[in-house]
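A short write-up of the structure that comes next.
The values are calculated or read from the model by the stated rules, or taken from the named source; none is laboratory data. Note that the structure is predicted; figures quoted are calculated from it, not measured. Glycine gets a Cβ as well: all are built from the backbone with ideal geometry, and neighbour counts include every protein chain shown. Just so you know, the surface numbers come from the protein's heavy atoms only, side chains and all, with ligands and any DNA or RNA stripped out. Shrake-Rupley method; radii C 1.70, N 1.55, O 1.52, S 1.80 Å.
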Amino acid sequence: MRINDIQLEQVNRQIHRILESGNYYSRIYKKAGITGVSSPEEFLKIPFTDKADLRNSYPLGIQAVPDEEIVRIHSSSGTTGKPVIIPYTAKDVADWAEMFARCYEIAGITSKDRIQITPGYGLWTAGIGFQAGCERLGAMAIPMGPGNTEKQLQMMVDLKSTVLCATSSYALLLAEEINKRGIRDKICLKKGVIGSERWSAAKRRYIADALGIELYDIYGLTEIYGPGIGINCPGQTGMHIFDDFVYTEIIDPMTGEVLPDGEEGEIVITTLVKEGAPLIRFRTHDLSRIIPGECSCGRKYPRLDIIKGRSDDMFKVHGVNMFPSRVEEILSMVDGVSSEYKIDIAHDESHNRDIIMVTAEADGRVDFASTADTIRNLFKSKMNVTPKVAIVSLNTLPRSEKKTQRVFDHREE
Ligand code: ZN
């Protein structure tokens, strides 16, 4: 998906505005001799940026407009180090709400719906994004925020919520609770809008069946507006990304090379019209691919496949990129094994070779030793590496609502 002329002109304008603002990126671009872009080839020469830049410019170093134009900030909590602050103008806030309302519409949600919003409000972009989109659409927002299951279920029943917005973990918790209490017939939910992260097909099926709802994956990250820059359509063939607001590339996370449509790699996003904090070629560390061709629904927005994991969880052994999605594929083939795993990679100095240790979870009814053998053989035949395998009991490995790190590389230590 090459950058088109309109997008190119939008990026060109973004660069001019950045240069005039004197912000953090203006210094980087001046040093690199970047004065604008007039061709796709020039665009590809703009250096990538990532969260490290946003931390380096903490708190407001990436602000590209005068203070009086900023109406709000959001912040993403890093797992390590300083948080990241993103300033928004009134137009940024309005643009985000428009994209979000578009997401709801694509999911078939209308002004007649009642939308129960359980992601957190505050510095995080989640809750307030779901809320603004809902109000733009004209639907009724039920702004719950996270937690307090008792109250969530009471509101869901009494107000007859038709749409649930949640992380997959929280949707699962609510689904289990509804089942446990036997109140499914009192629930009016029809659709769930779930913040996109890597989640297993099994979890998805359980939530959809337990609540009797259609599920939609919504994509986005705080650095780029927040959730709501794309969503899957009823065709369920990937998430439509709004290319009038953002331009998406897929790169090889190891080399930075831009990959053709269809190939899996890291999502890189350029904001096309953002004012408060424009970002050009921002590395998201999310893994996916652009689905080639057009969607059966007829919408022209390009499509991203569901998120396959984090590029931090990619690893290289014998010069070959190993994707977390491949690991999950292997684990899904083994009876009694969950989708959670941990991989440790170390270097054996005495034999001058890498050692891979896979820790997987299995339930009590299967034999751990033979399960370990099966996994080892599958890795050998499918990925051409022979790991050591440890099996632990179900629910031993850490779960997190945010993005869980699963691969630990001890080689450079
Ligand atoms: Zn579609």
Pairing a residue in region 280-300 that is acidic (Asp, Glu) with any residue that is more than 10 Å from the ligand (Cβ to nearest atom) and modelled with pLDDT under 95, where Cβ atoms lie under 6 Å and the two sit 6 or more apart in sequence or on different chains, gives 286/307
Working carefully through the options 220, 235, 147, 230, find the one that is within 18 Å of residue 287 (Cβ to Cβ), assigned by TED's automatic domain parsing to the domain that holds residue 134 and either exposed (fewer than 14 other Cβ atoms within 10 Å of the Cβ) or within 16 Å of the ligand (Cβ to nearest atom) (or both). 230
Scan of region 78-125 for residues that are assigned to a loop (DSSP other than H, G, I, E, B), within 23 Å of residue 214 (Cα to Cα) and small (Gly, Ala, Ser), ordered by number: 107, 108, 111, 120
List the residue pairs whose Cβ atoms are under 8 Å apart, where the first residue sits in region 232-243 and is under 10 Å from residue 295 (Cα atoms), the second is aromatic (Phe, Trp, Tyr) and within 9 Å of the ligand (Cβ to nearest atom), and the two are 6 or more positions apart or on different chains. 240/301
Out of (1) without any contact (Cβ under 8 Å) to a residue 40 or more places away in the chain; (2) away from the ligand (no atom under 16 Å from the Cβ); (3) of a type outside the set (Ser, Thr, Tyr); (4) closer than 30 Å to residue 361 by Cα, the one residue 324 does not meet is (1)
With criteria (1) open to solvent by 40 Å² or more (accessible area, probe 1.4 Å); (2) part of a helix (DSSP H, G or I), residue 71 comes up short on (2)
Within region 239-261, can you find the residues that are open to solvent by 10 Å² or more (accessible area, probe 1.4 Å) and in a strand (DSSP E or B)? 247, 248, 258
Quick one: which of 279, 287 is part of a loop (DSSP other than H, G, I, E, B), open to solvent by less than 50 Å² (accessible area, probe 1.4 Å) and closer than 27 Å to residue 230 by Cβ? 279
